[in-house]
Each structure stands twice: as structure tokens, then as C-alpha cells.
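K.L.:
Okay, here's the structure, questions in a sec.
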Amino acid sequence: MNEEGGDKTHEATPHRREEALKEGQVARSQDLPAALVLLAAVILLMKLGPKIVDLFAAFTNYSLREPFLLIAENTENGGLFNSVIAHYFGTTLSFLGPMSLFFGVLLLVAVGANLGQVGFLWLPQKLAINPSHLDPIKGFGRIFSMQSIMRLVMGIVKIIICAAVAYYALRNEILTILSLTGLEEPQIGAYMVQTLLMVALKIAVALVILAILDYMYQRWKYNQDLRMTTEEMRRETKEMLGDPQILMKRRQIQRELAQAQRSAQGASDATVVVTNPTHLAVAIKFDPKTMHVPIVVAKGAEYWAQEIRRIALKHGIPLVEKKPLAQSLYKTVEVGQPIREEHFKPVIEILKYVYELKGRTESAA
């Protein structure tokens, strides 16, 4: 595959998804909230419809039956106004319960459908005016884009599916509908309302299924759009972690610092420390009972040389200034290795001096 051609072969990183979320790019189906609201509305009408119809009937009968508009004393001293206000206030209270439940549930369904898809997003930058949205050329481009054509095709498909669902739902009711002429008007009305609600329920279920499929497609398309090329992966890694070469150099320095720290800590077990006098320090250990050749147990330059000197003074280890020997040991002998043959003579002389110094110290004690 040609990576320089922009083939998106890598899944989106968490950083890429977070940036897309900040820009308002989410996987969302516009049809799902509307389909769920329609389904909830039909179900609520089937449950609360009879009560709402009874309330409307009672309100109509009361308004037509009560003669409060024709009573003479109601026209004096504001009595008519008070009667009308009291009448409609009581009617409003009676409707408030079922209607509040109806619209409250629809509101919760609409909000829940959107939150379930994208969660809670606070994007104040989307409220700002974007001049590019006012460009008529781009507007025509969006209207006649492939995405708009696909939406038009999907709309036609939905209409065909809804028509097919309605046809199959009413096909078995044709004979019953033709036989309604012998029934009373309330019976005909009740049957028609019940049939229409059942057809609406089946259409709503079909629309919900189509909306779920559309949401699944939107999620797939969203993930495909967020996929990254190899160059984008490298660029993001460089932006988040820095230049790889600088990162490798930084890690190398950290390893060297850790190694130098461990090397300086080994000075506490040394027999003598050879210095330069302050720029270099090499700690040498020798035990005649267990060792044949002295070993370098710590070495350091500049700051770490001072650290070795500090540790040596803390543990009472002698410091001997031998510039050429300290430089040669520092350059040619690694920590944990024995000294080279060329160092035997000067190191032995230093060890003799240390033993004599130690013997005099112990005799004086």
C-alpha cells in the first residue's frame, strides 16, 4: 500500500478521538431521536388517549351546556370575566396532569436519545458565527453533495418501507372497514382510532429499526473517517512525545545518570579514592584475603566526582590526589573491572600508603 498516498491503515488514537470530540465530530443518527419520540408518542396515546379524549368530551359538554355566558348578572361588575376565568382555569388544571406526563415523557425520550449517542458536550465555539457557512457556493455544494443525495435516497426508501408496513397492517382490515356502515358513529370512531394507532405503532417500530441501522452505519463511517495514515501517526507521536531522536538522547542521558548514581553509591565500599583533584574521582577496592587484583568500584566526573568525594569523607575513606593515574583509570577501566597491568605499580604504592596510614591511626587509637 502506498502510505504516502494517504491510505488510512491505522485506528484512531485516543488523542485523535479527543480532538475530534472537541470539534463536535461525533457518531450520531439524526433519525434515531425522532423515531424514538414517535414510538413513545404512539404508546402514550394508546395508554393516555382515552383519558384525554374523556377530558375533551367533558370540557366540550360543559362549555355547551352551562349557560354562564347567557346569565344577565354575569355581565355586571365583571361577573362574566370571572366566570370565564374560573371555568378555563379549572379546565387547565384537569388537563395539566395527563398532558404534562405526555409531553414530559417525550422530552425525556428526546434528550435521552441524544445523550445516549454522543453524551454531554459543551461546545460554545459552535455558537459563534462561521463566515464559511454563509458562502453560497459552499452552500450549493452541500445541497448537491453525495451525502445529500444519499439522504434523499434514504428518505425515499423510508417512505416506501412505511407505505409497505401500512399496507400490510391494513390489508386484513379491509373487510372490517367496509362493514362499519352498520355501526353507530362512536363505534366507528373508536375502531378507526384504534386501527390508526396500531398502524402508527408498526410504522414507528419500523422507523426505530431503520434509525438503529443508520446509527450503526454512522458509527462505522465515523471510525473510518478518523482512521490515520502512517505519516499522521508519526506526526502525532512527534507532537505528543517530541522528536524521536531527542527522545532517544534524553533516555540515554537518563540511563547514564542512573548508572553514574549507582557508580557513586559504590564508593562507600572502597579502600581508597584517587582524585584529579576535583574534576575526576576513581574509587578502588582491594581485600588481600579475597582479591588478587584491585577493582574499580566507582568513578565519576565533575558533579559525580564531588559526590564520590563526599561519600568517601563520610565513611572515612582516604583521598589521594594523583592526576595522571586518576585520568588513566577513569578512561580505561570500567566500574566493576580490575585495574590494568600498567596501573599496578602506582596503585600498589597508594595502597601501601593507605595501609601505613591506617596502621598509624589504629596504633594511635
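Computed from the coordinates by the stated procedures, all read-outs in this text should not be read as laboratory data. No experiment lies behind these values; they were computed from the predicted model shown.
K.L.:
Please list, in order along region 336-352, the HN-Hα scalar couplings obtained from phi with the Karplus expression 6.51 cos²θ - 1.76 cosθ + 1.60 (θ = phi - 60°), rounded to whole Hz, x for Gly and Pro.
P.N.:
So the J values, rounded to whole Hz, are x, 9, x, 5, 7, 4, 5, 9, 4, 4, x, 5, 4, 4, 5, 5, 4.
K.L.:
Now, a different point. Too long at a 30 Å Cα-Cα cut-off: which of LYS8/LYS158; LYS22/LYS202; LYS22/LYS47; LYS249/LYS331; LYS47/LYS221?
P.N.:
Details: LYS8/LYS158 33 Å; LYS22/LYS202 38 Å; LYS22/LYS47 42 Å; LYS249/LYS331 22 Å; LYS47/LYS221 39 Å.
The pairs that break the limit, which is 30 Å between Cα atoms, are LYS8/LYS158; LYS22/LYS202; LYS22/LYS47; LYS47/LYS221.
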